[in-house]
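The values are calculated or read from the model by the stated rules, or taken from the named source; none is laboratory data. No experiment lies behind these values; they were computed from the predicted model shown. Counting neighbours? That spans all protein chains shown, and the Cβs are built from the backbone with ideal geometry, glycine included.
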């Protein structure tokens with residue numbers, strides 16, 4: 001709940017450290033009239049987390065971003081394991097988008113993230129099934145379901161990358177005799193870990209021996225003819241998940257937040273080149289070391305096996 005009076009009192013204390021309300025507004029990059037209406041409790045809704053961050057940064061020690069987020073109602077029942085294990089910049093960045101969600105969406109996101117943190121397992125199929133039940137009983141609509149699911153994926157990604165206190169297990173592999181089934185992906189969308197992608201079109205068996213040493217694999221359906229004649233349209237490739245490769249290896253690469261692309265990686269001192277094998281129809285693309293950092297360019301895995309149906 002937005003505590004208007006408390007928020008107003010905090011703003012008044014900060015204002016005492018500035019020459020005027022205009023001076024205060026200039027420092028926090030806020031319209032003077034909008035600031036005045038907040039001070040005089042004329043608004044029903046609080047400023048966005050982005051504005052609150054600027055207020056906290058320019059409060060001269062009077063308040064903190066977390067206090068403002070709490071007073072403005074953004075921190076109600078917030079995910080404790082999530083907050084405790086993230087640095088402030090990442091937490092602030094996510095809270096800015098979290099604040100735009102409806103209270104219903106926030107409620108279920110918090111509920112599921114707490115479940116994930118306690119169980120240390122992200123079972124995407126189970127959570128999707130539960131959300132579908134909520135849609136059927138009209139507790140949420142389809143758009144809300146999608147928003148909840150997308151936010152859970154983002155949150156899990158952040159937790160997995162930032163949280164050193166827990167090891168999150170992924171329920172994406174199925175056991176079969178002495179082998180393990182790995183998902184065959186139709187595509188690799190940007191920003192989502194391989195293990196959370198929903199575009200699973202099939203499963204392929206690999207031996208348990210391949211998983212020794214903590215190795216992880218996924219499979220991908222080849223599309224197009226850029227890697228012809230070695231790889232044909234419709235082939236399934238078995239990919240060892242890793243974030244680097246040797247020069248000359250065929251790899252899955254994420255470029256500039258686009259879908260993962262399948263190319264031969266040629267490394268040079270000045271950068272890398274992504275080469276199609278079929279150079280009669282497709283062009284190579286080179287990236288400098290600066291491009292690799294800025295775009296960014298990430299190796300997702302290297303091809304270890306081709307499977308072809310005749």
Worksheet item: Has region 82-95 got at least one residue that is closer than 30 Å to residue 21 by Cα and either modelled with pLDDT of 75 or more or surrounded by fewer than 15 Cβ atoms within 10 Å (Cβ to Cβ) (or both)?
Response: yes
Worksheet, complete the sentence: Per the filter on region 1-26, residues part of a helix (DSSP H, G or I), under 15 Å from residue 63 (Cα atoms) and in contact with a helix residue (DSSP H, G or I) (Cβ under 9 Å, 6 or more places away or on another chain) are 6, 7, 8, 10, 11, 12, 14, 15, 24
Response to the item:
The residue from 215, 221 that alone is more than 20 Å from residue 153 (Cα to Cα), surrounded by 14 or more Cβ atoms within 10 Å (Cβ to Cβ) and either modelled with pLDDT of 80 or more or in contact with a helix residue (DSSP H, G or I) (Cβ under 8 Å, 6 or more places away or on another chain) (or both) is 221
Worksheet item: Among the residues of region 24-56, which ones are loosely packed, with under 13 Cβ neighbours inside 10 Å and more than 18 Å from residue 6 (Cα to Cα)?
Response: 29, 31, 33
Discussion item. Any residue that is at pLDDT below 85, within 22 Å of residue 148 (Cβ to Cβ) and not in a helix (DSSP H, G or I) - is there at least one of those in region 48-69?
Written reply: yes
Practice prompt. Would you kindly identify the strands (runs of 3 or more DSSP E) lying entirely within region 223-310 that contain at least 1 residues that are closer than 27 Å to residue 182 by Cα?
Written response: 236-241, 250-255, 261-268, 271-275, 297-307
Discussion item. Would you confirm whether or not region 1-16 contains a residue that is exposed (fewer than 13 other Cβ atoms within 10 Å of the Cβ) and at pLDDT below 90?
Written reply: yes
Worksheet item: Only one of (1) surrounded by fewer than 16 Cβ atoms within 10 Å (Cβ to Cβ); (2) in contact (Cβ under 8 Å) with a residue 24 or more places away in the chain; (3) farther than 26 Å from residue 292 by Cβ fails for residue 242. Which number is that?
Response: (3)
Item to complete: Output the number of the condition that residue 30 fails; it satisfies all remaining conditions of (1) in contact with a helix residue (DSSP H, G or I) (Cβ under 7 Å, 6 or more places away or on another chain); (2) modelled with pLDDT of 90 or more; (3) part of a loop (DSSP other than H, G, I, E, B).
Response: (2)
